[in-house]
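Student: Below you will find the structure I want to go over with you.
The values are calculated or read from the model by the stated rules, or taken from the named source; none is laboratory data. A quick note: this is a predicted structure, and the numbers were derived from the prediction, not measured. Glycine gets a Cβ as well: all are built from the backbone with ideal geometry, and neighbour counts include every protein chain shown. In case anyone asks, the SASA skips ligands and DNA or RNA and just uses the protein heavy atoms, side chains included. Shrake-Rupley method; radii C 1.70, N 1.55, O 1.52, S 1.80 Å.
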Amino acid sequence: MLNYLIIFLISMVPLIELRGAIPYAVGMQCNMILAYIVAILGNMLPVPFIYLFARKVLLWGKDKRFVGKFFTFCLEKGEKGGRKLQQKAGRGLFVALLLFVGIPLPGTGAWTGTLAASILDMDFKSTVLAVMLGVILAGIIMGLASMGVFGAIGAIFAPH
């Protein structure tokens, strides 16, 4: 039971998120279906709060003494992610956000995607749905990668 709580908590941590929780679950030999569900729930829990409050808090704190540099960094990261999404997506912002969150690369998870969507004024329902589908996709990719499926496929097709 403790491992599932750890999976849940790891999934909530910015930058690590589900991408770190799934390999942990594999390493701890957890039930992967249960671990996957717990990781998705943990990764999704902060999303509404990020969407509704993060931009306001970051704008408020960007000129404060102790947190200003960090808050400015977060705002710039969200704005940069938002611009990147907008450039690539045009009118397909929903799919772009889903893929931005779903393809597990550094800095492209639910936290950054949600912040970018809120900065772009994407509507709440579309943001949550796109991020959730992206988290599900990232979970599948990380699960397969962590269990060695990609390595096995590479070994099959690698030239000998």
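Student: Give, rounded to the nearest 20 debye, the magnitude of the charge dipole that the chain has about its Cα centre when Lys and Arg contribute +1 at Cβ and Asp and Glu contribute -1 at Cβ.
Tutor: Computed charge dipole of the chain: roughly 500 debye.
Student: Would you calculate the separation in nanometres between label points at I140 and L105, each defined as 7 Å from the Cα along the Cα-to-beta-carbon direction?
Tutor: Distance between the two pseudo-spin positions: 2.0 nm.
Student: Scan [x] 11.3; [y] 9.7; [z] 9.0 for the value of mean projected area of the Cα convex hull in nm² calculated from this model and give just the label.
Tutor: Read-out from the structure maps to [x].
Student: Size of the dipole of the range 1-68 about the Cα centre, Lys and Arg at +1 and Asp and Glu at -1 on the beta carbon, nothing else charged, in debye to 20?
Tutor: On the way: 6 positive and 2 negative charges, 77 e Å.
Value, rounded to 20: 380 debye.
Student: When all protein chains stay in place, what accessible area (Å², nearest 10, 1.4 Å probe) is found for L120?
Tutor: Counting only protein heavy atoms, the figure is 50 Å².
Student: So between M147 and I16, what do we pick up on full extension, going 0.36 nm a residue minus the alpha carbon distance?
Tutor: Going from the current span to full extension adds 45.3 nm.
Student: Another question, if that's okay. Please identify the DSSP H helices in the chain that span no less than 27 Å along the helix axis (Cα) and have a mean Kyte-Doolittle hydropathy of -1.0 or more.
Tutor: Counting only whole DSSP H runs, the qualifying helices are 68-89, 124-146.
Student: Highest GNM mean-square fluctuation, the chain, Cα pairs closer than 10 Å: which of A54, A21, A117?
Tutor: Maximum fluctuation in the GNM of the chain, among the listed residues, is at A54.
Student: Let me ask you something else. What nm value, rounded to one decimal, do you get for the distance between F53 and T72 when each label is placed 7 Å out toward the C-beta?
Tutor: For the pair F53/T72, the computed spacing is 2.5 nm.
Student: Picking from L120, L133, A89, whose Cα lies most toward the positive end of the charge dipole for the range 68-133 (charges on Cβ: Lys, Arg +1; Asp, Glu -1)?
Tutor: So the residue furthest toward the plus end is A89.
Student: Still on this structure, I have one more. Order E79, E17 by their accessible area, 1.4 angstrom probe, all chains in place, largest first. Please list the in-between numbers first.
Tutor: Values: E79 75, E17 5 Å².
Accessible-area ranking of E79, E17, largest first: E79, E17.
Student: Helix-derived [θ] at 222 nm for the chain: sum -39500 (n - 2.57) over DSSP H runs of at least 4, divide by residue count, nearest 500?
Tutor: Result for the chain: -23000 deg cm²/dmol, rounded to the nearest 500.
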